[in-house]
Structures are given as structure tokens and as C-alpha cells.
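Have a look at the structure below before the remarks.
The values are calculated or read from the model by the stated rules, or taken from the named source; none is laboratory data. As the structure is a prediction and not an experimental result, all values here were calculated from the model. All Cβ positions, glycine included, derive from the backbone under ideal geometry; neighbour counts span all protein chains shown. When the accessible area is computed, the model is the full protein with side chains, heavy atoms only, and any ligands, DNA or RNA have been set aside. Shrake-Rupley method; radii C 1.70, N 1.55, O 1.52, S 1.80 Å.
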Amino acid sequence: PETVLVVDPASPTRKEFIQACARDVGQARWVIALGAWFWYPAALFGEGLGRLLTRSSPRLYERVSQTFRPLRFDPSRSAERLGISLTVDWRKELRDSYDMETLNYAPPALTPRTETLAAVERVLFLGFGPIVFQKHLPALKALGFKGQIDAFDPYRKSWPTNVENLRRVESPAESSASLVIVASPAHVHRAALDQLPESTRVVVLEKPAGLNRAEFEDWQRAGEARGLRVMVVHNYRYKRNVRRLLDYLARHHSGALRGCRIICDSPSAGAGGAKWRREERETRALLLDGNLHYFDLVSAFAQGPIPTLEPRWEQDVHGRTCTIEGTVPFANFPLYYQLRVGPGPERTEVHFDFSNYSIRLTFNPDTFTVLHGKTLLLHGLQEMLADAGSLFRWAWNKARKRDYDESHHDIYREAAAALAGGSASPIELSALDFSYDLLFKIAEPVYGPEAERTHQDF
């Protein structure tokens, strides 16, 4: 008989194999390796303690020596004798030995942008409400914009005096801006489309891009007819915790995406809220205002087509929608969503359940938590530290008078790239068809036929 050695010449060490189990099939997030520097002294101490207590040797040092004894194999003669290569991609074989390891999604890509707005001489705002001061003006400043700010808002009664280079215009046609920011409430977005000046090249459009399919398609047709590039403010794609999600997926094999969950509990608009929030049935605010972002994030991982949906919904005593919940059977995974309005605790959670681990994102505060294996006390501590860290970052940036959430800066980087003739953007209107198809298929059973929507003049 002839003996052959069938072994991979590049077999992994025990440490490499355990690290691959953690990274490639999601068995753990971290691997702590205690090498010979730890085990030899520990064995000596245990050996001495054992002899002292039991008057016999526990042979600990011998066992450790055997464990750390280097083993080397040279199967080259066996491979030559058998006429085959004994080299194997053991990492791939490890992944293939588990179920649901093939990715069933393509993670959304974010192209790094370095363009600024320093060379832009003028911008035009259609609508000049609180969101402009909270997000848009700080983002313009961060990207180096120092030009003229034209503003059109027929509903604004008083104008600020502390905004540099601000000029109120009686008609948008007076402006020669190539960059136009539509910052009006959603129910007048369609009217703003008819107000764009001839000089417009790029539009930054506050979400949503339409309250129904007709408005969304109007923006699409106008953009194609006039050669406009329309960027919709889907800024949550650029938030810190979403970037951490994408980075983690790039570094740790997730396996298949088996399901997503969106859980949103928000307070009622109340008597003191904005009028468009109180008129929720017309503006569709529960679904198409802030909660739009979470469906957009999930849809970036999903594949179609999306079938007809039948969400469950309720109205409160004021006639506003207070509950929307249901399931979306995407082609590659299911989504469960629950949107609720009421006096309970406010929370927003988006869960991505992969084969190898789960990731939980929260917003306001923005956190990122990875859950491996069983839900243990450690995970609760991890989530608590994530919340505390987010709160600390918010307070620290507030003290330095900096914007805690810089995702709007990325929106304007995309706009600057578009002005410079850059490549297509993931927040461009033409790239958001699938996201809005999902939103409208949920909205139509809840809010009624599109024909009932009426526009408000700008």
C-alpha cells in the first residue's frame, strides 16, 4: 500500500479559521486571540498550583506545549503522485457549507464627491421656511457657497435680516440662478415646478418628489424635456449610521437578507403643528414626510416587481391617519412595517435581518447596532452605549455650533457634481422610481384615489 497526504498546502491556522468563521459567516463580531505569551505562563502557574494542592501534576504545561507545537505539511509529492492540485479555497468552502450564504441583494453604492459650490454665483429658494435655516443654509456654507441667495415665498410675512446676500424676489423669473432649491411643503411642490426660471440646470427638491404618481411623473417629464437634473433630498442615505451599515456589510459577510422591519412611533401633530401636518389626509404626512426615508433605505436593497399591497390603516378622532401597517413581499425578502401616531414613546427603528447577523438602525438619535447570535445582556449594553454616544455627539456639535447631522451636505455635494457634469447620482429623480413605486402602492389604498388630490398655488 502507498500512503499519500491529502491536505491543502495553505491550510489555515486555528486563529485564521476562527477569524474566518467570525468575518465570513457571521459567527461573531470580534475574535480575541490569547497566544503563547498568555498560555505558557498560565500553564506554569496552574502546574505549580496543581502540584501544591493535589501533590500530582495536572500536565497543563505539556498540554499547552502540544497545542502550540508547529505542524507543517508538504503535500507536493502526494499532489504529483495523484496528478491533482490539493489547493482549495477554504474560505469559499466554509461559506458554502452554510445555508443562505449567497447574497440576494446589492448594497447601495455612494460615490465619493469632492465638488464644492465655491464657484456658484447664485442660488434660488422656492420656499423659505424653517427647514432652510436648519439644514439648507448650513449645508451651502459648508460647501463654500458665498454668492447671492434669491428667495421666493409669497406666504412668508417677515424676512430675516441676518442672512448674508439674501434678496427677496417677487417672481422666480427675476432670478438667473442655475441651482434652484425647492424647499416648500410637499403639497405645493407641483406648483413650484411651473415656477422654475429658464436658467435652471439643477434642482434640489425637498422630499417627497410628489404626493402621487401624477406629480412624480410631472417632475420626471419636465426634467427630461428641459434637461434638468433633479436631486431629491433623500439625505438619510448619507447619514452616519447608514454609512456604518454599508461599511460593515463590505467588511463582514452577511449572507442573504432574510427580512427587514420598520417600526416608527411618532407624536401627534397637535393643535400647534404646521397646518400641512394637521391636514394629514391631504398631505399624506404620516407616510410621505419623515417616514419616507426608512422605506427609501429598505428599497435600496430590494428587488421587484412590487405587487398590489393591502396595508391596514386607522384614523384618529381628528380624522388624521394614526396607523399604517403591513407587509411588502419583495422578490428577494419580505418587509414588515408599522407606522403609529400617539402619546406613547417616540422611536424609529429599521432592522435588517441577515443570515449571519442582524443590524438595527435608530434615528433621532442615530445609532448603529450589530447583533450576533443570541440576544444577551452585552447587546443591551452595546445599544445603551450607542445611544449615549449619539447623544454626546449631538451635544458636542451643538456646543461648537456645528451641524450634528451633515447628511444635507452630501445632498449639495451631489448637486455640485451635477452642475459640474458629474456622473449620475443615487438621489437623482431618475434613480428613485422603485422607491416611489413602493411608497405609492402603500399610499393609494390608505389615502384614496389620486384624482382626489388638489394642488395649492404657490
Keeping the other protein chains in place, figure out the carbon and sulfur percent of the accessible area of the stretch 295-345, with a 1.4 Å probe.
54
Could you give the length gained by full extension between LEU71 and ILE131, i.e. 0.36 nm per residue of separation minus their alpha carbon distance, to one decimal place?
15.1 nm
Each label sits 7 Å from Cα toward the beta-carbon; between GLN382 and TYR98 the label points are separated, in nm, by 1.4
Over what distance in Å are the Cα centres of the stretch 287-315 and the stretch 127-156 separated?
30
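Over the chain, calculate the relative contact order: mean separation of alpha carbon pairs under 8 Å at least 6 apart, over the residue count, as a percent.
Working: 720 pairs, mean separation 81.6, N = 458.
In percent, rounded to a whole number, it is 18.
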For the LEU5, TYR40 Cβ pair and Förster radius 41 Å, calculated FRET efficiency rounded to 0.05 is 0.85
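Using 0.36 nm per residue, how much length does the chain from GLU325 to ALA119 gain when fully extended, once their Cα-Cα distance is taken away?
Gain on stretching GLU325 to ALA119: 69.5 nm.
Only bridges whose two residues both fall in the chain count here: according to DSSP, what percent of them are antiparallel, nearest 5? Don't jump to the answer; show the numbers that get you there.
Details: 30 of 57 bridges.
Bridges in the chain that DSSP calls antiparallel: roughly 55 percent.
Tell me what the chain gives for mean residue ellipticity at 222 nm when only DSSP H runs of n ≥ 4 count, each as -39,500 (n - 2.57), the sum divided by the residue total, rounded to 500 deg cm²/dmol. Before the final figure, lay out each step's value.
Working: 16 runs with 160 residues, N = 458.
Mean residue ellipticity, 222 nm, calculated: -10500 deg cm²/dmol.
Using 0.36 nm times the number of residues separating PHE17 and GLU174, minus their current alpha carbon distance, what extension gain do you get? Let's see the in-between values first.
Details: separation 157, 0.36 × 157 = 56.52 nm, distance 6.74 nm.
Length gained between PHE17 and GLU174: 49.8 nm.
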Over all pairs of different Cα atoms in the stretch 76-175, the reciprocal of the mean inverse distance gives a Kirkwood radius in Å of 19.3
Calculated FRET efficiency for the pair ARG393/SER268, C-beta based, R₀ 25 Å, to 0.05:
0.30
Heavy atoms only, 1.4 Å probe, whole protein assembly: order GLU93, GLU325 by accessible area, highest first.
GLU93, GLU325
Rg/Rh for the chain to two decimals, with Rh computed the Kirkwood way over all alpha-carbon pairs.
1.11
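Sorted by packing (mean other beta-carbon atoms within 10 Å per residue), highest first, where do 246-254, 3-11 land? Present the calculation step by step, with values, prior to reporting the outcome.
Details: 246-254: 15.9, 3-11: 12.6.
Top to bottom by mean Cβ count within 10 Å: 246-254, 3-11.
Among 24-36, 116-128, 154-166, what's the highest-first ranking by average C-beta atoms within 10 angstrom per residue?
Ranked by mean Cβ neighbours within 10 Å, highest first: 116-128, 24-36, 154-166.
Using a 1.4 angstrom probe, figure out how much accessible area the chain has per residue, in square angstrom, rounded to the nearest whole.
Spelled out: the 1.4 Å probe surface of the chain, per residue, equals 53 Å².
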Segments 386-396, 224-234 sorted - mean Cβ within 10 Å per residue, highest first
224-234, 386-396
Relative compactness, the stretch 244-390, computed as alpha-carbon Rg over 2.2 N^0.38 Å:
1.14
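Please list the helices of the chain that count as membrane-span-like by this rule: a mean Kyte-Doolittle hydropathy of at least -0.5 together with Cα atoms stretching 24 Å or more along the helix axis, each helix being a complete DSSP H run. Could the numbers behind the result be given before it?
Details: long enough: 36-54 (26 Å, 0.61); 377-399 (33 Å, 0.08).
Flagged H segments are 36-54, 377-399.
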